[in-house]
Amino acid sequence: MPSPHPPEFRRRAVELARQGDKSMVQLAKDLGVSRSCLQNWVNQANTDDKGAGEKGGSDRLTTAEKKELAELRRRNRQLETENEILKRAAAYFARENVLPK
């Protein structure tokens, strides 16, 4: 599902929020997003700017880490499904070899 706001829009919104010319509430209202949504974008941008692996940083994941984690979870589900299929096939063939014909 595509995000409702394109990355360029988010980047520009974060830039405007960092300038501090307007309050977060007023800027969010002008952009047509909620204040919490804008705050989340700013927090994520701050995390991405710091980079991964810095000591004393926040517990938030960078955008790249989030993408990697989603891909690893998807791959893990796929492997678990394949493993379950192989277990069932092994049980089926083991049962077939034990029963007399």
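What is the angle, in °, between the Cα long axis of helix 35-50 and the longest principal axis of the Cα atoms in the chain? Nearest 10 is fine, range 0 to 90.
80 degrees
State, as an integer percentage, the relative contact order of the chain based on alpha-carbon contacts under 8 Å between residues 6 or more apart. All intermediate terms of the calculation are to be shown ahead of the outcome.
Working: 35 pairs, mean separation 15.1, N = 101.
After rounding, I find 15 percent.
For the pair L86 and E15, what calculated FRET efficiency results from E = 1/(1 + (r/R0)^6), where r is the Cβ-Cβ distance and R0 = 35 Å, to the nearest 0.05? Write down the numbers at each step before the final one.
On the way: r = 51 Å, r/R0 = 1.46.
The formula returns an efficiency of 0.10 here.
How high is the FRET efficiency between T63 and D30 when r is their beta carbon distance and R₀ equals 25 Å, given to the nearest 0.05?
Plugging the Cβ-Cβ distance into 1/(1 + (r/R0)^6) gives 0.50.
Give the cross-link partners of K66 among the aspartates and glutamates, using a straight C-alpha distance below 17 Å as the criterion and excluding same-chain residues fewer than 8 apart.
In chain and number order, the partners are D48, D49, E54.
K50 to R75: FRET efficiency via 1/(1 + (r/R0)^6), r the Cβ-Cβ distance, R0 22 Å, to the nearest 0.05?
Details: r = 27 Å, r/R0 = 1.24.
The calculated FRET efficiency here is 0.20.
From the phi angles alone, apply the Karplus equation (6.51, -1.76, 1.60; θ = phi - 60°) to the stretch 9-23 and give each ³J(HN,Hα) in whole Hz, x where the residue is Gly or Pro.
Each residue of the stretch 9-23 in turn: 4, 4, 4, 5, 4, 5, 4, 5, 5, 6, 5, x, 5, 10, 5 Hz.
List V98, V25 from most exposed to least, where exposure is judged by having the fewest other Cβ atoms within 10 Å.
Ascending Cβ contact count within 10 Å gives the list V98, V25.
Order these peptides, 61-71, 78-88, by their mean beta-carbon neighbour count within 10 angstrom, highest first.
Put in order of decreasing packing, that is 61-71, 78-88.
Just so you know, all these numbers are worked out from the coordinates, no wet-lab data involved. Since the model is a prediction, treat every value here as computed from it, not as a measurement. When we count neighbours, we look across all protein chains shown, and the Cβ atoms used for this are built from the backbone with ideal geometry, even at glycine.
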